[in-house]
């Protein structure tokens, strides 16, 4: 009986190793042609790095547990990493994913993160990665981005943390159920809806309207000294503060309004509970 269990364990171990090896060897690249409009990443739980370089395909590498696949589906290249039941055990270790994309790719990038960390950066602040649309859907983890320029940027998170240094965009929305968002060197309009969590936005330039709707949580909005805006803040509970001197300032029962500079751009803030600091 004892020998039977020893043999069984060996067979299971060899079988598991076979499946892991086979999984990791599944399709790992796909050509980026004129027909491709989207690169989509679906990552269950891994630490992921996206590298933009001179190439004409999408290639992915997996170091550790999980199943990796790269395939084309219509106008989309899908990169997917999943774990099977036996790979949830801690002795299989963690996994790292590296995804290589063309540096001249300019269309839609869709990131679906279950857990883990993801990093992606353009070459530099003066030479950003230019994309039409970036969508991020995150359940947990930490996404770090830098040096990006987009037409549209959309972020939807049930939890987790987003950190971006140097983002220029024509349109953006942030829907945060919980978690933290920190934006530095940000240029563009912004819409934020927070059920809970914290958001810190450091604007390099104010070039568009700003709107925040808070059920709870906090927002810190750091504006350039010469920002031109018209503020309208309404708070049923919580607090809205503004350190800028405002023309025609009105403060009444938690509400605040007024104009700074030419008043060109709108800053609309609605707070059910929580705090908003503008400085």
Item to check | When the stretch 153-204 is reduced to its Cα atoms, the Kirkwood hydrodynamic radius in Å | outcome: 10.9
Checklist entry - Could you give the distance between the Cα centres of the stretch 218-279 and the stretch 63-83, to the whole Å? => result 45
Checklist entry - Hey, what's the Kirkwood Rh for the stretch 116-209 if you take every pair of different alpha carbons, in angstrom? => result 13.0
Next on the checklist: Please list log₁₀ I(q)/I(0) at q = 0.12, 0.13 Å⁻¹ for the chain, using the Debye equation with identical point scatterers on the alpha-carbon positions.
Outcome noted: -0.79, -0.88
Item to check | Packing-based exposure ordering (other Cβ within 10 Å, fewest first) of 173, 236 | outcome: 236, 173
Checklist outcome for this item: Restricted to the stretch 203-279, the DSSP antiparallel beta bridge percent, nearest 5, is 30
Checklist entry - Rounded to the nearest 500 deg cm²/dmol, what is the calculated helix-only ellipticity per residue at 222 nm for the chain, with -39500 (n - 2.57) per DSSP H run of length n ≥ 4? => result -3000 deg cm²/dmol
Checklist entry - Of the listed peptides 115-126, 175-186, what is their order by residue-averaged count of other C-beta atoms within 10 Å, with the highest listed first? => result 175-186, 115-126
Checklist entry - Per 10 Å bin, what percent of the C-alpha pairs of the stretch 43-170 does each bin hold, from zero upward? => result 12, 43, 35, 8, 1
Next on the checklist: Using only the alpha-carbon atoms, how far is helix 2-24 inclined from the longest principal axis of the chain? Give it as 0 to 90 degrees, nearest 10.
Outcome noted: 50
Next on the checklist: Using Cβ contacts closer than 10 Å as the measure, can you line up 100, 155, 279 from fewest to most?
Outcome noted: 279, 100, 155
Item to check | Two-site FRET efficiency, residue 37 against residue 257, from Cβ-Cβ distance with R₀ of 51 Å, rounded to 0.05 | outcome: 0.75
Next on the checklist: Only counting other Cβ atoms within 10 Å, I'd like 65, 266 sorted with the fewest neighbours first.
Outcome noted: 266, 65
Checklist entry - Per 10 Å bin from zero, what fraction in whole % of the C-alpha pairs of the stretch 181-245 is there, up to the bin with the longest pair? => result 18, 58, 23, 0
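Values in this text are rule-based calculations from the coordinates and carry no lab data. It should be emphasised that the depicted structure is a prediction, and the values quoted were computed from it without experimental measurement. Glycine also receives a Cβ, built like all others from the backbone with ideal geometry; neighbour counts cover every protein chain displayed.
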